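What follows is a set of notes on a single structure, which appears directly below.
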Amino acid sequence: IKELKEYFKNNSFIAYLLGKKNSGKGTYTKLMIEIFGKDKIGHISVGDIVRAAYADIKDEVKKQELVDYIHKNYRGYISVDQALDALVNKSQDKLLPTEFILTLVKKEIDKLERRSLFIDGFPRDLDQISYSLYFRALINYREDPDVFVTIDIPDSVIDERIKYRVVCPKCQTPRNIKLLATKKVGYDKEKDKYYLICDDPDCGGARMIGKEGDNLGIETVRKRLELDDELIKKVSSLHGIPQAQLRNALPVDRAAELVDDYEITPEFYYERAANNTVVVKEKSWTIKDNAGVESYSLMAPAVVVSMIKQLANILCPR
């Protein structure tokens with residue numbers, strides 16, 4: 001941490017975060033910002049940028065500002081009108097033109113003072129890898145080092161993150177009934193099910209609910225995950241750009257020698273007490289990795305520590 005803090009005093013870099021959907025890219029970036037400061041690191045979420053642009057085109061003033069910027073900065077094989085039409089009619093199965101996405105990203109980066117960038121969601125397909133290799137020149141970060149940060153996470157972790165996630169219907173705060181419990185938990189006698197109660201007092205004890213389709217787990221995003229996996233494998237074979245490789249899980253039989261208990265993700269389970277209150281209990285969460293090995297999933301801070309060590313070795317060689 002000391003080495004990177006010293007590095008940040010006069011330097012910046014670009015990190016491309018590559019991981020499957022729900023692999024924790026945003027969480028890891030948030031922790032890095034908490035450690036080193038938002039004046040040192042900027043989080044560029046391509047998905048958030050595209051969604052914001054989609055919202056802007058519904059507002060005439062913001063739409064005109066966006067159109068003016070695109071006309072000035074966009075270079076691509078389709079017209080600005082066609083690109084905007086693609087944005088209006090976007091879907092998860094149909095990617096926007098890369099040149100248009102880069103223009104939106106550049107617009108967001110132009111708002112930031114010079115700082116290191118953690119880019120989440122680019123490259124998103126195999127064709128975009130070549131763009132990322134020269135992206136720093138496009139955004140005037142030509143002299144900055146860049147690095148790919150790949151995240152290895154078992155499909156079973158993503159599956160349970162999706163299956164058991166719930167949100168507050170009022171404030172939209174997300175939680176997970178199995179992996180991220182709230183302070184208060186209720187029991188529905190009719191359904192014989194436990195449920196989480198939102199911690200925000202302004203929500204008046206709202207019962208958190210699952211999203212439609214989440215019970216299918218990973219199946220709803222399997223095609224996307226297969227593409228992400230192919231993308232990570234392709235990037236891992238690149239030469240000429242350093243890489244930091246993060247692991248979300250490790251075998252149970254090696255955990256004692258590699259991590260402390262507090263670094264292992266807990267699983268929450270519930271029991272009813274005699275007075276009908278719900279008692280929340282914890283145990284180490286075990287899953288099967290993609291090779292079928294019984295494993296523990298690591299807490300986000302443990303993964304971030306690994307990222308910090310690897311970035312320090314890359315950016316501050318001894």
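The values are calculated or read from the model by the stated rules, or taken from the named source; none is laboratory data. What you are looking at is a predicted structure, and each value in this text was computed from that prediction instead of being measured. Every residue, glycine as well, gets a Cβ built from its backbone with ideal geometry; the counts of neighbours run over all protein chains shown.
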In this structure, does residue 204 turn out to be surrounded by 12 or more Cβ atoms within 10 Å (Cβ to Cβ) and more than 30 Å from residue 14 (Cβ to Cβ)?
no
Return a yes/no flag: does the stretch 227-235 have any residue that is more than 24 Å from residue 161 (Cα to Cα) and either at pLDDT 90 or above or in contact with a Leu (Cβ under 9 Å, 6 or more places away or on another chain) (or both).
yes
Looking at the stretch 14-35, can you tell me whether even one residue there is closer than 21 Å to residue 122 by Cβ, out of contact with any strand residue (DSSP E or B) (no Cβ under 6 Å at 6 or more places or on another chain), assigned to a helix (DSSP H, G or I) and among the aliphatic types (A, V, I, L, M)?
yes
Which one is nearest to the chain's Cα centre (by Cα), of the residues in the stretch 267-318 that are over 17 Å from residue 152 (Cα atoms) and hydroxyl-bearing (Ser, Thr, Tyr)?
284
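Taking the stated definitions as given, is residue 254 of a type outside the set (Ser, Thr, Tyr) and under 22 Å from the mean Cα position of the chain (by Cα)?
On the way: of a type outside the set (Ser, Thr, Tyr): yes; under 22 Å from the mean Cα position of the chain (by Cα): no.
No; evaluated as a whole, the condition is false for this residue.
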Given 267, 271, 282, which one is farther than 18 Å from residue 304 by Cβ, part of a strand (DSSP E or B) and touching a Pro at 6+ places or on another chain (Cβ under 6 Å)?
282
Can residue 187 be described as hydroxyl-bearing (Ser, Thr, Tyr) and closer than 23 Å to residue 299 by Cβ?
no
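For (1) under 30 Å from residue 11 (Cα atoms); (2) in contact (Cβ under 8 Å) with a residue 12 or more places away in the chain; (3) surrounded by 15 or more Cβ atoms within 10 Å (Cβ to Cβ), each residue gets a yes or a no:
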position	(1), (2), (3)
43	yes, yes, yes
64	no, no, no
68	no, no, no
79	no, no, no
82	no, no, no
106	yes, yes, yes
114	yes, yes, no
Sort out for me the strands (runs of 3 or more DSSP E) sitting completely within the stretch 124-214 that have 1 or more residues that are closer than 20 Å to residue 266 by Cβ and in contact (Cβ under 8 Å) with a residue 40 or more places away in the chain.
165-167, 184-188, 193-197
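Just to be sure I understand, how many residues within the stretch 61-77 are in a loop (DSSP other than H, G, I, E, B) and not hydroxyl-bearing (Ser, Thr, Tyr)?
Qualifying residue count, the stretch 61-77: 2.
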On the basis of being buried (at least 20 other Cβ atoms within 10 Å of the Cβ), over 29 Å from residue 304 (Cβ atoms) and either free of Cβ contacts under 8 Å to residues at least 40 places away in the same chain or among the aliphatic types (A, V, I, L, M) (or both), does residue 98 make the cut?
no
